[in-house]
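Here is the structure we will look at, set down as structure tokens.
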Amino acid sequence: MRFDVVTLFPAQFRILSAEGVVARALSRGLATLTTWNPRDFATDAQRTVDDRPYGGGPGMVMKVEPLRAAIDAAKAAAAAAGCASRVAYLSPQGRRLTQADMRHIASAPGWILLAGRYEGVDERLIEACVDEEWSIGDYVLSGGELAAMVVMDAVIRLLPGALGHADSAAQDSHGDGLLDCPHYTRPEMVDGHRVPAVLLSGDHAAIARWRRRQALGRTWERRPDLLRARGLSAADQALLDDFMRDRGGPDPEQAAEQEP
Ligand code: 9D3
């Protein structure tokens, strides 16, 4: 898969090639990353890429022409490599991405990611060149670069062969719409706190049930919105009922049914 990133700060993207899952995927050729600096496409002596906003106000706006030239150059390079890339603009006004979006993004041959700076880019550039507009969450960053890197990290680790363990990505938190279960490693006792006995039992079916019950219970406690979004099978509902019984004491209705 191919990423072309249009950015005024290409050096920031070196961190992706330094170490970790993404660096390994890049060095093994599972994905490629090319940066395009609009400043290199500015035609005036000062290499101007921004200007003051029409209508007044603080900050600067990224100009159309250097951005359009950088995007066109990225498109041409991708096309020459046989890759029909679409253009995504990272922006606070974009659609907030989910794990399902990351899987969709990973299924395309390539993307041109436009990282904005200053107050944003001239709206006519968005209308003319941008296919999708993405946000990574409801908080304010100082530019689109980190957002583009977040998307690349989330997407590249999904590519076949990127993770050591074949199905690690499928087992992820959010992979099936649930939060992860708790994890433990040695020693068995830390400050008087033991590892849950079931994890030492060697009973793999019981361990799988316990993990599923914990994943469902923690999602119910911390992210009920995720549970409402995906619904539960009868088996999962029974495991969640177990969790709620252990956690909150018996449900009064069920307790009444259990009276002799
Ligand atoms: C202080 C400037 N803001 C005026 C109300 C607008 C603004 C412009 C540019 C706010 C942030 C940014 C830079 N952010 C991004 O480029 C960005 C972003 C984000 O800030 N949050 C979540 N996702 C993204 S994707 C790109």
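The values are calculated or read from the model by the stated rules, or taken from the named source; none is laboratory data. Keep in mind the model is a prediction, meaning the values are calculated, not measured. Note that each Cβ is placed from the backbone with ideal geometry, even for glycine, and that neighbours are counted across all protein chains shown. Areas reflect the complete protein model, heavy atoms only, side chains present, ligands, DNA and RNA absent. Shrake-Rupley method; radii C 1.70, N 1.55, O 1.52, S 1.80 Å.
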Response to the item:
Across the alpha-carbon set of the chain, Rg over Rh with Rh taken as the Kirkwood radius works out to 1.11
Worksheet item: Can you give the helix-only mean residue ellipticity at 222 nm for the chain, where every DSSP H stretch with n ≥ 4 adds -39500 (n - 2.57) and the sum goes over all residues, rounded to the nearest 500 deg cm²/dmol?
Response: -12000 deg cm²/dmol
Item to complete: Place a +1 charge on the Cβ of each Lys and Arg in segment 102-145 and a -1 charge on the Cβ of each Asp and Glu, then give the dipole magnitude about the Cα centre in debye, rounded to the nearest 20.
Response: 220 debye
Worksheet item: Convex hull volume of the Cα atoms in segment 189-258, per residue, in Å³?
Response: 134 Å³
Discussion item. With a cap of 14 neighbouring Cβ atoms within 10 Å, and only residues DSSP puts in a loop, list the GluC sites (Glu not before Pro) found in segment 104-160.
Written reply: Glu119
Item to complete: For Ser135, enumerate residues with amide H under 5 Å from its amide H, sequence gap 5+ or separate chain, H modeled in the peptide plane.
Response: Ser91, Gly94, Arg95, Arg96, Leu97
Worksheet entry | With at most 16 other Cβ atoms within 10 Å, longest stretch of the chain clear of loop trypsin sites (Lys or Arg not before Pro) (DSSP) | 48-260
Worksheet, complete the sentence: In whole Hz, the Karplus estimates of ³J(HN,Hα) for segment 46-59 (6.51, -1.76, 1.60; θ = phi - 60°; x where Gly or Pro) are 7, 6, 6, 10, 9, 7, 6, x, 4, x, x, x, x, x
Item to complete: Quick one: dipole size for segment 2-156, taken about the Cα centre, charges +1 on Lys/Arg Cβ and -1 on Asp/Glu Cβ, in debye to the nearest 20.
Response: 440 debye
Fill in: Loop chymotrypsin sites (Phe, Trp or Tyr not before Pro), segment 75-149 (other Cβ atoms within 10 Å of the site Cβ: 15 or fewer; DSSP)
Tyr139
Worksheet item: Are there chymotrypsin sites (Phe, Trp or Tyr not before Pro) in segment 26-55 that DSSP puts in a loop and that have at most 14 other Cβ atoms within 10 Å, and which ones?
Response: Tyr54
Item to complete: Could you provide, to the nearest whole Å², the per residue accessible area of segment 189-258 with probe 1.4 Å?
Response: 68 Å²
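Which helices pass in the chain if a helix is a full DSSP H run, must span at least 15 angstrom along its long axis by Cα, and must have mean Kyte-Doolittle hydropathy not below -0.5?
Details: long enough: 64-80 (24 Å, 0.69); 145-156 (16 Å, 1.92); 204-222 (27 Å, -1.29); 234-248 (21 Å, -0.61).
Length and hydropathy pass: 64-80, 145-156.
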Worksheet item: Which whole-number percent is the relative contact order of segment 2-156 (Cα, under 8 Å, 6+ apart)?
Response: 28 percent
Worksheet item: Which value results for Rg/Rh of segment 2-156 when Rg is the Cα radius of gyration and Rh the Kirkwood radius based on the inverse mean 1/r?
Response: 0.95
